[in-house]
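Notes follow the structure.
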Amino acid sequence: MNICGIIAEFDPFHNGHKFLIDSARSSGSTHIAVVMSGSAVQRGTPAMFGKYQRASAALKNGADLVLEMPAPYSCSNAEIFAKAGVAALASLGDGVVSRLVFGSEAADTELIMKSSFAADELRKSDRVKQFLSEGMNYPAAVYKAAGEQFGKEISSVLRNPNSTLALEYCRALRSSAPFIEPFAVARKGALHNSTDTDGVTASGSKIREMISHGEDVSALMPSPLDDPCLTDRLDKIFLYKLLSADKEELMSLPDVDPAIADRILKVSERSFSHTEDFLATVRSKDITAARLRRLALHLVLGINKQDIAPLPYVRILALNGRGREILAAGEHILPMDTSLARLEKTSAQAARVSLIERRASQLRALGTSSGSSVNEYTAQVKLTNS
């Protein structure tokens, strides 16, 4: 077997995702294991589509095994997201997964790996600190310092926000799963977070925007998905939590420092009707919109700093016959099961992560037209024999 891994959200599963899986298969992978976000996603919202629908779509379009990345990992920053995804793949057993395949604007795996080493050095760079003290934001400071120290090619990779996850995947592989090699595939058609579409491919953000406006996206997705969660329906929940949080509650959240907490408290003294208006007022050159959305979701779900601990278990969401072969290929390092009830009994951290993921599923359900919640203990995983 030649088993490759993919870390994704598939929210929704679109033609670009099918292209990535097809590329992994055509490049020699006989088996494909996916680690997919559960009910909360990295952009800081509940998933637009349910995890079971997305896992089923992945299975129909070439994946063999789909594992869940639960909240709090799936809705945290790129470093935490990448570490959890790599940990889930590595937990299948030493040497079971040979490659991590991911989309990139430039399919130059060696350049991306070199850039990940450069990013490590720049985190401790006095030159970056100097540029920050002169008023630059962090990405601009890193870009300028990288240009001086490593040259134009690497600085361009570090400047591109779409490269962030690719760099973090490489860093996570180097630190915790050196037996898995990175393998970049050039994105086809619209780039990540692009607002364009050629009628066949579009970024996930563009497709979600089209869905929220009631537009037809059937040509952009190989499998239909239904009952999306629209964040507008959840707006008052987020706004209430942001306006009512105190300093202690804010400081307990991951990725929050006293300056951000104080800024939120000051802004909360004003009147707002929408969450996005509140967050736009809090935002500054060194606080990104995505970071603030994740902060708000952490607040709603009750995720605190202590919850960002090593991944305690791996839940199976979907598999076929080849997926069963992947599971049988090595000795599992973490508890692995289809049953959340069994998994949450394996440790106190497992019980805590299960609770947060169940909260995320309930929140997502409130944003759907049906409002119908899923019982995470009785929900059926997708199992096929093919």
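Which of the residues belonging to segment 241-275 are charged (D, E, K, R), over 19 Å from ASN77 (Cα atoms) and touching a residue at least 40 places away in the same chain (Cβ under 8 Å)? Don't jump to the end; show me each part of the working.
If we filter segment 241-275 for residues that are charged (D, E, K, R), which is where we start, we get 241, 246-249, 255, 257, 262-263, 266, 269-270.
Right, trim to over 19 Å from ASN77 (Cα atoms) and you get 241, 246-249, 262-263, 266, 269-270.
Correct list: LYS241, GLU249.
Where in segment 72-166 are there helices (runs of 4 or more DSSP H), lying fully within it, with 1 or more residues that are at pLDDT below 95 and closer than 30 Å to LYS18 by Cα?
Details: elements: 78-90, 109-122, 126-133, 138-150, 152-159.
The helices (runs of 4 or more DSSP H) meeting that bar are 78-90, 109-122, 152-159.
Here is a check on your reading of the model: is ALA118 of a type outside the set (Asp, Glu) and buried (at least 16 other Cβ atoms within 10 Å of the Cβ)?
yes
Condition (residue is under 30 Å from GLY95 (Cβ atoms), within 20 Å of the chain's Cα centre (by Cα) and outside any loop (DSSP other than H, G, I, E, B)) applied to segment 188-208: is it met by at least one residue?
No: segment 188-208 contains no residue that is under 30 Å from GLY95 (Cβ atoms), within 20 Å of the chain's Cα centre (by Cα) and outside any loop (DSSP other than H, G, I, E, B).
Can you tell me which residue in segment 169-181 is farthest from the chain's Cα centre (by Cα), limited to those that are farther than 17 Å from VAL96 by Cβ and crowded, with 22+ Cβ neighbours inside 10 Å?
Start the filter on segment 169-181 by keeping residues that are farther than 17 Å from VAL96 by Cβ, which leaves 169-171, 174-175.
From what's left, crowded, with 22+ Cβ neighbours inside 10 Å: 169-170.
Details: TYR169: 11, CYS170: 15 Å.
Checked segment 169-181; the qualifying residue farthest from the chain's Cα centre (by Cα) is CYS170.
Mind checking which pairs have a first residue in segment 34-49 that is assigned by TED's automatic domain parsing to the domain that holds LEU317 and within 16 Å of VAL300 (Cβ to Cβ) and a second that is in a strand (DSSP E or B) and hydroxyl-bearing (Ser, Thr, Tyr), Cβ under 8 Å, 6 or more apart or different chains?
ALA47/SER37
Condition check ((1) part of a strand (DSSP E or B); (2) crowded, with 24+ Cβ neighbours inside 10 Å) across all residues:
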position	(1), (2)
MET1	no, no
ILE6	yes, yes
GLY16	no, no
ARG25	no, no
VAL35	yes, yes
MET48	no, yes
GLN53	no, no
ALA58	no, yes
GLY62	no, no
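Mind checking whether some residue in segment 224-232 is free of Cβ contacts under 8 Å to residues at least 60 places away in the same chain and under 30 Å from LEU59 (Cβ atoms)?
Yes: one or more hits.
Would you pick out the residues in segment 113-140 that are more than 27 Å from PRO182 (Cα to Cα) and not hydroxyl-bearing (Ser, Thr, Tyr)? Before you say what the answer is, go through the steps one by one.
The first filter runs over segment 113-140 and keeps only residues more than 27 Å from PRO182 (Cα to Cα), leaving 126-137.
Those that are more than 27 Å from PRO182 (Cα to Cα) and not hydroxyl-bearing (Ser, Thr, Tyr): ASP126, ARG127, VAL128, LYS129, GLN130, PHE131, LEU132, GLU134, GLY135, MET136, ASN137.
Of a type in the set (A, V, I, L, M, F, W, C) and part of a strand (DSSP E or B): is that true of LEU243 in this structure?
Working: of a type in the set (A, V, I, L, M, F, W, C): yes; part of a strand (DSSP E or B): no.
Judged against the criteria, LEU243 is not a match.
Is there a residue being without any contact (Cβ under 8 Å) to a residue 40 or more places away in the chain, in the same structural domain as ALA33 (by TED's automatic domain parsing) and farther than 22 Å from ASP307 by Cα anywhere in segment 325-347? Let's see the steps before the verdict.
If we filter segment 325-347 for residues that are without any contact (Cβ under 8 Å) to a residue 40 or more places away in the chain, which is where we start, we get 328, 335, 337, 339-347.
Next, from what is left, pick out any that are in the same structural domain as ALA33 (by TED's automatic domain parsing): 328, 335, 337, 339-347.
Applying the additional criterion that residues be farther than 22 Å from ASP307 by Cα yields 328.
Looking through segment 325-347, at least one residue is without any contact (Cβ under 8 Å) to a residue 40 or more places away in the chain, in the same structural domain as ALA33 (by TED's automatic domain parsing) and farther than 22 Å from ASP307 by Cα.
How many residues, within segment 1-30, are out of contact with any Cys (no Cβ under 9 Å at 6 or more places or on another chain) and among the small types (Gly, Ala, Ser)?
So the answer is 5.
The values are calculated or read from the model by the stated rules, or taken from the named source; none is laboratory data. Note that this is a predicted model, so its numbers are computed, not measured. A quick note on method: Cβ atoms are made from the backbone with ideal geometry, for glycine too, and the neighbour counts reach across all protein chains shown.
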